[in-house]
Amino acid sequence: MIALHAPKGGTGTTFVAAQVAMAFAAKGRPVTAIDSTFSQSLKLHFGVLPSQSYGDLRSTDSEAPAINGVRLMSGYRHGAEQRADFIRAVADRYASDLIIVDIDSGDRNLQQQIADLVDLHICVVDPTPAALASLVHASSAMPVTATENLAIVLNRLDERFKLSRHSHTFLSDLFGPKFMGTIRRDEAVNEALASFELIEKFAPQSVVLSDVETLLVTLEARLQAPPAVAEPNGVHTNNQMKRSG
């Protein structure tokens, strides 16, 4: 399971969730994407009209629609525990799927409720002072730089601007291997949304598509890596290193 969230809204978390889900599906992996946000806007990135529902998804008894290879489900419920129960039910039913969960910014309760299910938390930020400053709130359990299963993605990089370029350098230096990658800004993303079309069909040459492909390689490597193990002296290693050591 990959959970995508951000401590600040408006950074493009839902866009990244949709693109990651479709990119994995294009590689042949069974993918289920759960929209647990109040706005229910994940479907827009799949070319679904705002008036269209995800289907009758009050329970997991009915099959969810598959769009562009991704099974879309609405996980929004009133109360974090109900949303968490729904996500657990979906994870049990589709145990062989890669589960992508889009979480509302600041929904710390839901993050904590499903923490034991999540293999990777992706925190999406954009190159703005407010988003960068909010990183201190990305994890409540420990300092964000010490959170093992956290990954940082910089969205909407615009290389024409100094702050945008410096944000990339800052995140790369601060987070090292936890910094998973960058997706450049392209107004075609908004134009595709306004046209209710997939970005790959609306603008097949968009830079965001190549950036997502690069990000996917990094994510695949991260998900396949052995989990970190805490040694008695507090040093973190991984299982492969321990076996060979």
>> Criterion first (polar (S, T, N, Q), open to solvent by less than 80 Å² (accessible area, probe 1.4 Å), at pLDDT 95 or above and in a helix (DSSP H, G or I)) does T169 satisfy it?
In response: yes
> Taking the range 27-64, which residues are over 16 Å from T13 (Cβ atoms), at pLDDT 95 or above and of a type in the set (A, V, I, L, M)?
Replying inline: V31
> Which condition does R29 not pass, out of (1) in a loop (DSSP other than H, G, I, E, B); (2) in contact with a helix residue (DSSP H, G or I) (Cβ under 9 Å, 6 or more places away or on another chain); (3) touching a residue at least 24 places away in the same chain (Cβ under 8 Å), if it passes all the others?
Replying inline: (2)
>> For the range 92-106, give me each residue that is closer than 20 Å to L219 by Cα and outside any loop (DSSP other than H, G, I, E, B).
In response: L98, I99, I100, V101, D102
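Here are some residues: V189, V208, V217. Which one is open to solvent by less than 20 Å² (accessible area, probe 1.4 Å) and β-branched (V, I, T)?
Residue meeting the stated conditions: V208.
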> Which residue pairs have Cβ atoms under 8 Å apart, sit 6 or more places apart or on different chains, and have a first residue in the range 165-179 that is closer than 12 Å to V153 by Cα and free of Cβ contacts under 8 Å to residues at least 12 places away in the same chain and a second that is of a type outside the set (D, E, K, R) and not in a helix (DSSP H, G or I)?
Replying inline: S172/F179
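The values are calculated or read from the model by the stated rules, or taken from the named source; none is laboratory data. Remember, it's a predicted structure, so these values are computed and weren't measured experimentally. Note: ideal-geometry Cβ built from the backbone for every residue, glycine included; neighbour counts use all protein chains shown. Quick note on the areas: whole protein, heavy atoms, side chains included, nothing else; ligands and nucleic acids left out. Shrake-Rupley method; radii C 1.70, N 1.55, O 1.52, S 1.80 Å.
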